[in-house]
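Working notes, beginning with the structure itself.
All of the numbers you see were taken from the coordinates with simple rules; none came from a lab. In this text, all values refer to a predicted model and were calculated from it rather than measured experimentally. Cβ placement follows ideal geometry from the backbone for every residue including glycine, while neighbour counts extend to all protein chains displayed.
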């Protein structure tokens, strides 16, 4: 049954057809109010009848004769509205069938106001095509058909087309559609879709151009919360090929959005602040948060916590204090995380008393905020106390934990305390705490194991550490790479290389892969022990598992080969080092120069030194010291002095106490005490402080020359410089001064009095 429309209503419908077109073109506007129930039923009946006639065998879309379908759709008594035509089209089987219906409407309609209906029908055709295979190409063809027939797209159809083309990556076609849509039809939803698609296609500048139009004060498409979600989400991604949203743009956009009362939600704001802080841009993070605050956006503790964390890592305690004050003024309630951040950062910067003060105020609610501490906060404070040697206070906090419901000490609590007592050398107290853990059914973990083993090894209880490891493993707590590294390093330090190798093998057999540090430790220990064959074997294993030697490890090997007089192997290692792209450093060259000098191969030593300089490395005091020492050992003091003078003039490397001692000792042994004394005067001029080795060498030379007054002068200088004599000093002076009857001077010297005071 067809429904009837009065002539006056039909006239108004046609008169306002542009308004109807605009209405059909906006998705965000509310739909028209639903018709009465009887009208709704009549429209459903009309749609059903139309579909039956369209599917009838005698239906001909090209027929020019009047048919029942024409009577139904175009008679004066039929409600030929865009709503009816769109719903008929939506219920057709395919976009091709729908396109036939479109052509039928276009060719059979006698109304001058059919355009809104055709646009609405095309929207339904787009909807059908978007669900079919190869949808983007079909939609492009349909778009061409619409333009060919001068049928403007509704804004919903244009939005659908842009989404589909965007998913297919057809960026140029998207830009064409955006340009050709009637500007008067664009709304906020349409702009949001365009921006979202542009970002997804990496066209950041195009997206920001559309956004800039939306953000203008008189924009007809102002941003809404959906716009904010798209933009703030894009800010969190930030990186596209060839383009990114920089920090300044982010802060500026958040500020402009605030002018339209659109703000990032708590999660987005927190994530943006966190990103800035991770990139050490706490100033930008500060500006971002305060822009939202000043514009009236909602700011919660989580966002402030993110900024507090970043400020704390940068040591900006002044701004941290300012922010906590602002939180109080703006009634942003701090939570347990806020206080946890403050306490953690104070403990890390060793401001434990300040952390305890914050903790006390938080528990008492003296600042108007009462927060119950959790186990993490207690553990943070206990760890902070233990790291500054206040383990006993840490233990008293454990008692407070026990008195608070649901906050019992856990494994982390005990690990902090055990570590504190181990570092202070109180191994027995640490073991007592471990026993207490077991009594309270707080299960130790591998960190507990490693902490105790490290403490025992550091304080010379390696055997106890091994026994403890065996006991723990029998109870199911297995060691990890750190455990074995501690033990291997400990045995290498006491030169028990066999035991270190035993634990290295045990580590591999237990399925615990050694890391590079373990290999380096073992290679160093074996090299220092002179077991170069074993060291080379470990190097081979290191390479097999994919690790590479670093500069330090190569230097250790070269030094080890030099000590064993295997110069060929040292050169071979140097060559391998260079081929592996590891650049030799000063230590590498100094090791070779020292060995070559000691073996008297000065020609090669100088050649290596020239290569060192050619590679851009300046000879150090160690380089010159090695050469000077070697020349002095073979009695070529003049050569040593030549290098010494070259240090101060050409190379500008200031000599140190060790070099002066070498030369002074050699000069004294060669009966040239006057020259040695002049070097001591040179030390004074250059601000190089002599040590007991210097004085012992010169005293021997003075004794051989029996220069008593000069000896008294130097004894006085030792007292002035608080340079205490050792057994060699006393042996030389006792023998000499006793022989010449000056035991009184020796007595005054030992008592710390000026020796030459009564000489005049």
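Can you give me the ranges of the helices (runs of 4 or more DSSP H) entirely in segment 159-253 with at least 3 residues that are over 27 Å from residue 295 (Cβ atoms), in contact with a helix residue (DSSP H, G or I) (Cβ under 9 Å, 6 or more places away or on another chain) and without any contact (Cβ under 8 Å) to a residue 40 or more places away in the chain?
Details: elements: 171-180, 188-200, 204-214, 225-237.
The qualifying helices (runs of 4 or more DSSP H) are 171-180.
Would you confirm whether any residue within segment 610-617 is within 19 Å of residue 555 (Cβ to Cβ) and crowded, with 22+ Cβ neighbours inside 10 Å?
Taking every residue of segment 610-617 in turn, at least one turns out to be within 19 Å of residue 555 (Cβ to Cβ) and crowded, with 22+ Cβ neighbours inside 10 Å.
Quick check on segment 593-603. Is at least one of its residues without any contact (Cβ under 8 Å) to a residue 40 or more places away in the chain, under 20 Å from residue 523 (Cβ atoms) and crowded, with 22+ Cβ neighbours inside 10 Å?
Yes, because at least one residue in segment 593-603 is without any contact (Cβ under 8 Å) to a residue 40 or more places away in the chain, under 20 Å from residue 523 (Cβ atoms) and crowded, with 22+ Cβ neighbours inside 10 Å.
Take residue 483 and decide whether it is assigned to a helix (DSSP H, G or I) and over 12 Å from residue 453 (Cα atoms). Show your work before the answer.
Values: assigned to a helix (DSSP H, G or I): yes; over 12 Å from residue 453 (Cα atoms): no.
Considered against the rule, which asks whether it is assigned to a helix (DSSP H, G or I) and over 12 Å from residue 453 (Cα atoms), residue 483 comes out as no.
Going through segment 563-581 one residue at a time, which ones are assigned to a loop (DSSP other than H, G, I, E, B) and within 22 Å of residue 630 (Cα to Cα)?
Taking segment 563-581 and keeping what is assigned to a loop (DSSP other than H, G, I, E, B), we get 564-566, 580-581.
Scanning segment 563-581 gives 564, 565, 566.
Quick one: would you say residue 711 is more than 21 Å from residue 756 (Cα to Cα) and either more than 58 Å from the chain's Cα centre (by Cα) or touching a residue at least 12 places away in the same chain (Cβ under 8 Å) (or both)?
The answer is no for residue 711.
Kindly check whether there is at least one residue in segment 437-456 that is closer than 21 Å to residue 396 by Cβ, assigned to a helix (DSSP H, G or I), without any contact (Cβ under 8 Å) to a residue 60 or more places away in the chain and out of contact with any helix residue (DSSP H, G or I) (no Cβ under 8 Å at 6 or more places or on another chain).
yes
Out of all the residues in segment 620-665, which are under 20 Å from residue 600 (Cβ atoms) and not in a helix (DSSP H, G or I)?
634, 635, 636
Answer with yes or no whether residue 584 is under 30 Å from residue 517 (Cβ atoms) and not in a helix (DSSP H, G or I).
yes
So residue 539 passes all but one of these: (1) touching a residue at least 24 places away in the same chain (Cβ under 8 Å); (2) buried (at least 17 other Cβ atoms within 10 Å of the Cβ); (3) assigned to a helix (DSSP H, G or I). Which condition number does it fail?
(1)
Looking at (1) over 16 Å from residue 629 (Cα atoms); (2) surrounded by fewer than 20 Cβ atoms within 10 Å (Cβ to Cβ); (3) free of Cβ contacts under 8 Å to residues at least 40 places away in the same chain, which is the one condition that is false for residue 657?
Going through the list (1) over 16 Å from residue 629 (Cα atoms); (2) surrounded by fewer than 20 Cβ atoms within 10 Å (Cβ to Cβ); (3) free of Cβ contacts under 8 Å to residues at least 40 places away in the same chain, residue 657 breaks only (1).
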